[in-house]
Amino acid sequence: MAISNYTKHTRNMTGSKTTGIFSIHIDIDESLKGDNMEKIALWKMLRKKDTFRNLYTNHVNYAYRTNASYTLFDKIHPDVPMDLTPYNQIQLSKFFYANEMMKEYSQVLYLDFDVVPVSWEKFPFQEGLSIRNMWQGPRAEAVEMMLKGGMKPWSTVVKLAMVDMLGKYENDTLNIFNTGVMGFVNVDLDLDYSEEIECLLNPDIQWWPDELFRYNITVNNEAMFTHKILVKNNVPVNYLASKWNYLVDWQDSFRTIQCEPEEAYFNHYIRKNFPWKIT
């Protein structure tokens with residue numbers, strides 16, 4: 001399918017056919033029920049006219065300064081499973097669009113729409129997938145973190161539990177990726193998520209706390225993608241430094257090591273508390 005059929009804005013300022021940058025911005029229906037409503041409430045903040053314009057302009061400027069093309073998609077990808085909630089369909093769309101973009105560009109960079117480049121430094125593409133790994137460690141430590149801290153559907157420890165439910169890992173070592181910033185070079189993504197979706201809709205929590213059921217074990221894109229890449233896809237993985245996906249106002253009982261704020265290249269505004277002026 002042609003990318004242009006699903007594109008709201010495409011800017012090819014430099015004529016570059018080497019690097020393509022893309023993001024997704026889809027209006028959330030006000031009538032949505034039974035979805036991740038707290039996340040949706042934050043997402044709706046992106047609909048504000050000034051916020052949208054500033055974020056879009058920032059992405060376009062970064063693409064221009066780094067000799068790349070920029071594409072913003074405004075629809076759920078038609079190949080995403082339709083029996084999922086709209087929120088989860090949108091989250092999975094990034095992987096389907098990445099595959100489409102890689103047919104046209106040798107290097108592809110995905111940015112969540114709430115990611116703000118604050119430097120014109122070129123992204124450090126390497127062969128395979130470049131992504132931030134939020135945590136790596138033994139299952140026992142992850143379970144202990146869950147017992148000590150609070151849980152939300154997007155909490156790191158809840159995502160780690162989902163990753164654990166999806167497959168067996170060497171030495172019981174778990175990882176969880178943050179998919180807000182991803183670089184792709186010669187990556188052939190496996191987009192059949194049927195097995196992972198079935199597993200998360202009918203979870204076996206085993207040694208995880210029973211109350212986990214109350215905290216929305218759901219079809220989480222980051223848990224499924226982490227599992228796909230590390231277990232099913234034969235893809236080289238390059239772990240990004242936190243400066244390429246610095247989480248601003250991150251509210252999670254789990255803490256990860258990050259660079260100093262002034263050292264960040266990409267600010268990821270998790271809570272949508274954007275600065276007054278974005279350039």
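Nothing in this text is a laboratory measurement; each read-out follows from the coordinates by a stated rule. Note that the structure is a prediction, hence the values are computed from the model and not measured. Glycine also receives a Cβ, built like all others from the backbone with ideal geometry; neighbour counts cover every protein chain displayed.
Annotations for the structure displayed:
- Sequence-distant residues sharing a close amide H with Phe177 (under 5 Å, placed H): Met134, Thr226
- Unit charges on C-beta of K, R, D, E only; dipole of segment 60-137, Debye: 200 debye
- For segment 61-69, putting each phi into the Karplus relation 6.51 cos²θ - 1.76 cosθ + 1.60 with θ = phi - 60° gives couplings of 4, 5, 4, 4, 5, 10, 6, 10, 8 Hz, in residue order, rounded to whole numbers and with x for Gly and Pro.
- For segment 96-162, chymotrypsin sites (Phe, Trp or Tyr not before Pro) meeting the loop criterion (DSSP other than H, G, I, E, B) and having at most 14 other Cβ atoms within 10 Å: Trp120.
- Cβ-based net charge around Lys94, under 14 Å, with every Lys or Arg adding one and every Asp or Glu removing one: -4
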